[in-house]
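K.L.:
Before I ask anything, let me first share the structure, which is written out below as structure tokens.
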Amino acid sequence: MDNPSSARPQRASGGAVALALAGVGGNLMVASVVTLTLMAGMVLTLVLAVVFIMGSENPATGLAIAAAITLAFNALSFFISPWIMDLIQKWLYGTRWVELSEIERFSPETGRVLRKVCDENNLKQPRLGIIDDQNPTAFTYGTLPNSARLVVSQGLFTYLEDEEAAAVYAHELGHIVHWDFAVMTIASTLVQMCYLVYMFGRRVSGGSDNRVASAMRTAALVAYIFYLVGSYLLLYLSRTREYLADHFSAKTTGNPNALSRALVKIAYGIVEEGERSKEPSKLLEGTRALGIYDAKAATSTGTAYRISSSPEAVGRVFLWDMFNPWGWWMELNSTHPLTGKRVRALSTYAEQLGLAIEFDMGRVIGEGKGLNKKRLYGNFAMDLVLYSAEGIGLLVGVILGFLLTGAFPANPALMIAMPLLGLGLGMLLKAMVMYPKFANAPATDILDLMSDPYASPLRGKPAKLQGKLIGRGDAGNRVGSDLKLQDATGMLFLRYASRFGGLGNFFFGATRVQSLIDSEVETVGWFRRGVAPWMDLVQFKSESGTIVNSYHRFWKLVVGVFLVLLGGFFALV
């Protein structure tokens, strides 16, 4: 495999440099304490609301008690969570704490970066940990900057060069310097308080119709809206903090290209290790909200780098991240950034420093501008309608039921018939678009599918692949029914669906999947692209003649036809 970095300026002279922050955003929950506080605190808020507000004769006192305990719990979690996480890390992943000298044996530049950042920011050196796992990852957790932990896996040094590992460490140090732990904890506490106020207002208003009750209902509604908006703002803040950490790495090392390469190589390493293991990595799943890279999103970028480290191959995969509206939609609802956007920001920093850009994002942007925007956004709009097809059909049916019942009062059953028909037709329409005809599915490969900038998570693309079943797709689930398929260009998850629903999936996973692993197969299904791409399986045939059929559209068609027939029956009564 050629190394794309073989003929490039390494970095800006002089090390740390001034860089204008790129006008883009990213997203990642940056510390374990934030995740623990957000999840545990939200549960606690709900419990306290029930105990102290809904069942209290004095709701105002209940609100005050609940708010005080919630704040106290978050404060306690904030300060003791690093030690709790230390125990969890040791127990689950065997984290061992090491001296800087051991890190320097793997990456001498990392030692220089660590000393430099700590000296310049009057920062105590973070506690350094290594996990003996070849899946490349890095994460930071703690409370205040001088109590932070910085942990990496052994795989980070396996897949990254010296300067790339140093860029990753600089990124994690950026989280520490920026006080991301404290910022995110405060933000998540405010979101929890909004929900608490909503519960209080709903309880106080009760079923009364006086002015005070009406005002409290309005306040409760506003508090709930603030809670929903705050939840998205929290994700937005997470994305912003992640991009700030990328910027810090580029500024500190003067080498944004190193972090660009690191992100791509981490994805590549995740794919490589995934193909060697029959079970998904518990480390990557368990630290998904902490790590520098979301393992679920690694498949597309890692696949491109796996067969060709050329910028063109990787760049084509980034087209979906940069230009497909579904990418924006999923990033809005995600705690992790899309790789293409992060690499674009880092490329901007390289341009500011006068460096040759590692991945020519200008070429990617140029190709993206030539895409059919009408097709991109038209498909996205139709997909949103498709997603709500059953609800739209039901609503139209209800309206028609009212109108027809008024026109034909002798047939009141139309009030039942029309909604059933609308719901059934909506379900059938959705099934036909999501699962189109596959009889003439074209033979292709995984990289070609992942390079399609028009791919959708809803609109299935019939495809035929040949490859090897290399393991299960469900992390830690030894009876999971999903599988991983590998061909010459990459890896893809196959989703299985039994005609007998979840019970059938369980029995398939428990009794048949293990015997199918390592089989060479020809598979047909519907390809879908989200943050992580996958294929809804229709059928695969192994070399030994074993045939496995999957039935993703079975129940949608059965239920849809039943509702249409039932609606027709009521219409004719």
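The values are calculated or read from the model by the stated rules, or taken from the named source; none is laboratory data. This is a predicted model, so every value here is computed, not measured. We place every Cβ from the backbone using ideal geometry, glycine too, and count neighbours over all the protein chains shown.
K.L.:
Need the failing condition index for VAL113 against (1) more than 23 Å from LEU144 (Cα to Cα); (2) in contact with a helix residue (DSSP H, G or I) (Cβ under 9 Å, 6 or more places away or on another chain), just the number.
P.N.:
Exception for VAL113: condition (1).
K.L.:
In addition: Quick one: ALA165 ticks every box in (1) without any contact (Cβ under 8 Å) to a residue 40 or more places away in the chain; (2) in contact with a strand residue (DSSP E or B) (Cβ under 9 Å, 6 or more places away or on another chain); (3) not polar (S, T, N, Q) bar one, so which box is it?
P.N.:
For ALA165, the failing item is (1).
K.L.:
If you go through the stretch 205-221 one residue at a time, do you hit one that is among the β-branched types (Val, Ile, Thr), surrounded by fewer than 20 Cβ atoms within 10 Å (Cβ to Cβ), modelled with pLDDT under 75 and within 28 Å of the chain's Cα centre (by Cα)? So that I can check it myself, show each step before the final result.
P.N.:
Within the stretch 205-221, the first condition is being among the β-branched types (Val, Ile, Thr), and the residues that meet it are 212, 218.
Now narrow it down to the ones that are surrounded by fewer than 20 Cβ atoms within 10 Å (Cβ to Cβ): 212, 218.
Among the residues that remain, those that are also modelled with pLDDT under 75 are: 212, 218.
Restricting the remaining residues to those that are within 28 Å of the chain's Cα centre (by Cα) gives none.
No, that holds for no residue.
K.L.:
If we keep just the residues of the stretch 439-464 that are in contact with an Asp or Glu (Cβ under 6 Å, 6 or more places away or on another chain) and hydrophobic (A, V, I, L, M, F, W, C), which is nearest to LEU386 (Cα to Cα)?
P.N.:
LEU458
K.L.:
Which members of the stretch 394-428 meet the condition of being among the small types (Gly, Ala, Ser), in a helix (DSSP H, G or I) and surrounded by 15 or more Cβ atoms within 10 Å (Cβ to Cβ)? Break it down stepwise before answering.
P.N.:
Going residue by residue through the stretch 394-428, those that are among the small types (Gly, Ala, Ser) are 397, 401, 406-407, 410, 413, 417, 422, 424, 426.
Keeping just the survivors that are in a helix (DSSP H, G or I) gives 397, 401, 406-407, 417, 422, 424, 426.
Answer for the stretch 394-428, where residues must be among the small types (Gly, Ala, Ser), in a helix (DSSP H, G or I) and surrounded by 15 or more Cβ atoms within 10 Å (Cβ to Cβ): GLY397, GLY401, ALA417, GLY422, GLY424, GLY426.
K.L.:
Consider ARG478 against the criteria (1) touching a residue at least 60 places away in the same chain (Cβ under 8 Å); (2) closer than 29 Å to ASP383 by Cβ: it satisfies all of them except one. Which criterion is unmet?
P.N.:
Tallying (1) touching a residue at least 60 places away in the same chain (Cβ under 8 Å); (2) closer than 29 Å to ASP383 by Cβ, ARG478 fails exactly one: (2).
K.L.:
Among the candidates VAL479, VAL559, which residue alone is among the β-branched types (Val, Ile, Thr), assigned to a helix (DSSP H, G or I) and not assigned by TED's automatic domain parsing to the domain that holds PRO419?
P.N.:
Numbers: VAL479 fails: assigned to a helix (DSSP H, G or I).
The match here is VAL559.
K.L.:
Only one of ALA407, ALA350, ALA413 is under 19 Å from MET322 (Cα atoms) and among the small types (Gly, Ala, Ser); which?
P.N.:
On the way: ALA407 fails: under 19 Å from MET322 (Cα atoms); ALA413 fails: under 19 Å from MET322 (Cα atoms).
Checking each option against the conditions leaves just ALA350.
K.L.:
Same structure, new question: Which of the residues spanning the stretch 423-459 are small (Gly, Ala, Ser) and touching a Pro at 6+ places or on another chain (Cβ under 6 Å)?
P.N.:
Narrowing the stretch 423-459 to residues small (Gly, Ala, Ser): 424, 426, 431, 439, 441, 443, 451, 455-456.
Listed by number, the list holds a single entry, ALA441.
K.L.:
Continuing with the same structure: From the residues in the stretch 503-556 that are among the small types (Gly, Ala, Ser) and part of a strand (DSSP E or B), which one is nearest to PRO457 (Cα to Cα)? Break it down into steps so the answer makes sense when it comes.
P.N.:
To start, the set of residues in the stretch 503-556 that are among the small types (Gly, Ala, Ser) comprises 504, 509-510, 515, 519, 525, 530, 532, 542, 544-545, 550.
Within this subset, residues satisfying the condition of being part of a strand (DSSP E or B) are 525, 542.
Values: GLY525: 14, SER542: 27 Å.
For the stretch 503-556, the residue satisfying everything is GLY525.
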